[in-house]
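Everything below concerns the one structure shown next.
The values are calculated or read from the model by the stated rules, or taken from the named source; none is laboratory data. Everything numeric in this text was worked out from a predicted model, so none of it was measured. Cβ placement follows ideal geometry from the backbone for every residue including glycine, while neighbour counts extend to all protein chains displayed.
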Amino acid sequence: LSEKQETMLAVTVDGGPCAIEVPKPERKETSDVLIKIDRIGICGTDLAMFRGYNSEFHGIVGHEFSGTVVDSDQYSWLRRRVTSSINLPADLKGTVDWKTAKHAVGRRALGIRGIDGVMAEYAVLPEGILVAIPDNVSSDDAALAEPLAAAIDSVDRLPEKDGQVLVIGDGKLAQLTVRVLLYRGYDVSVWGHHKFKLDLMEKAGARILSVPAGKWSFSQVIEISGSPSGFDMAFEAVKPEGTIIADSVLTDKHPVNLSRLVVDEISIVGSRCGDISDAMQMLSEKQIEVNDLITDIFPLADAEIAFERSQEKDAIKVLLST
Ligand SMILES: [Zn+2]
């Protein structure tokens with residue numbers, strides 16, 4: 001006897017940015033929880049998935065979310081609002097240490113490789129990656145905890161705990177990074193291209209450069225422009241013995257002047273993904289405001305329109321709601 005399979009709306013790599021009907025996922029392990037998804041953030045990585053960023057993955061995209069646990073063997077998780085970290089080791093047992101998971105061999109990543117993401121009405125996730133959402137953090141704001149964690153990770157990698165920092169870029173991650181820097185007391189200068197986005201950064205307390213940063217002008221640079229020219233500017237602007245935190249995942253190889261790197265003793269430090277619990281604490285303690293970065297909320301069924309909107313110049317974070 002075959003029961004009729006329950007379905008749900010979801011955005012898959014193969015379905016493009018449209019929400020389509022797919023089978024509703026079921027818990028397989030006792031450690032799995034079923035989550036009713038509430039909000040999902042649209043991220044550059046989701047767009048990259050449609051362009052073939054990982055052609056082996058065909059499942060549900062999305063990794064920035066908030067939701068409520070609706071089925072779990074653990075009474076303590078039931079009916080709790082949660083989000084989760086993005087990386088999982090190949091074989092997950094118990095709680096995941098986010099730092100170990102980030103570089104685990106055979107790593108899986110929500111909506112990117114080896115495990116379905118959360119751009120759907122429901123998701124089944126192992127309880128070991130869950131992070132509880134405090135009562136005083138809204139479900140909208142909680143969906144930004146993952147990119148906020150990435151911003152915290154790049155700021156944590158700066159060699160000095162204060163002083164001047166040049167941020168190159170004005171997109172979603174750059175906005176969050178600037179706010180973390182300002183909260184930590186750094187003197188922040190920004191180079192970007194979009195007036196609406198730069199105005200927001202200026203309002204938050206950053207200095208907006210009207211001409212590109214000069215040669216050898218900053219000892220600390222965070223490059224988040226997403227473009228090769230942004231990296232070239234960072235390399236030009238960094239002082240001898242300075243550090244560039246590289247956040248842009250450039251799809252093509254990009255040349256670096258190694259003789260300048262060696263002679264001027266430049267450090268280039270990569271950064272990706274951070275500690276969601278840290279980000280949630282920053283939100284809960286109201287150390288950082290993120291709500292004004294949410295420019296639009298669309299129903300999941302209108303995912304295609306939402307993806308288009310997310311690429312417009314005056315859009316920052318676009319959320320989907322179920
Ligand atoms: Zn993301």
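General remarks:
- Any hit, the range 8-16, residues being of a type outside the set (Ser, Thr, Tyr), under 22 Å from ILE112 (Cα atoms), free of Cβ contacts under 8 Å to residues at least 24 places away in the same chain and in a strand (DSSP E or B): no
- Where a residue in the range 26-44 is free of Cβ contacts under 8 Å to residues at least 60 places away in the same chain and its partner, wherever it lies, is away from the ligand (no atom under 16 Å from the Cβ), with Cβ under 6 Å and at least six apart: THR30/ASP73
- In the range 96-111, the residues that are in contact (Cβ under 8 Å) with a residue 60 or more places away in the chain reach residues that are surrounded by 13 or more Cβ atoms within 10 Å (Cβ to Cβ) and among the basic types (Lys, Arg) with C-beta atoms within less than 9 angstrom, at least six apart or across chains, in these pairs: LYS102/ARG272.
- For the range 32-58, the set of residues classified as touching a Gly at 6+ places or on another chain (Cβ under 7 Å) and not in a helix (DSSP H, G or I) consists of ILE35, LYS36, ILE37, ASP38, ILE40, listed by residue number.
- Just one of (1) without any contact (Cβ under 8 Å) to a residue 40 or more places away in the chain; (2) in contact with a Gly (Cβ under 8 Å, 6 or more places away or on another chain) fails for GLY230. It is (1).
- Evaluation of GLN74 against the conditions (1) in contact with an Asp or Glu (Cβ under 7 Å, 6 or more places away or on another chain); (2) touching a residue at least 24 places away in the same chain (Cβ under 8 Å); (3) away from the ligand (no atom under 15 Å from the Cβ); (4) within 20 Å of LEU320 (Cα to Cα) shows that the sole unmet condition is (4).
- For first residues located in the range 259-270 and closer than 23 Å to VAL249 by Cα and at pLDDT 95 or above, partners that are surrounded by fewer than 15 Cβ atoms within 10 Å (Cβ to Cβ) and among the hydrophobic types (A, V, I, L, M, F, W, C) and lie 6+ apart or on another chain with Cβ distances below 8 Å form the pairs ILE268/VAL256.
- Of the strands (runs of 3 or more DSSP E) lying entirely inside the range 169-265, the ones with 1 or more residues being touching a Ser or Thr at 6+ places or on another chain (Cβ under 8 Å), among the basic types (Lys, Arg) and more than 20 Å from THR295 (Cα to Cα) are found at 238-246.
- Count - residues of the range 129-167 that are surrounded by 18 or more Cβ atoms within 10 Å (Cβ to Cβ) and either within 16 Å of the ligand (Cβ to nearest atom) or on the phi > 0 side of the Ramachandran plot (or both): 17
- Taking every residue in the range 299-322 that is farther than 22 Å from LEU148 by Cβ and pairing it with any residue that is aromatic (Phe, Trp, Tyr) and surrounded by fewer than 16 Cβ atoms within 10 Å (Cβ to Cβ), at least 6 positions away or on another chain, the pairs with Cβ-Cβ distances below 9 Å are LYS313/PHE196.
- Qualifying residues in the range 11-50 (those that are among the hydroxyl-bearing types (Ser, Thr, Tyr) and at pLDDT below 95) - the one nearest to the ligand (Cβ to nearest atom): THR45
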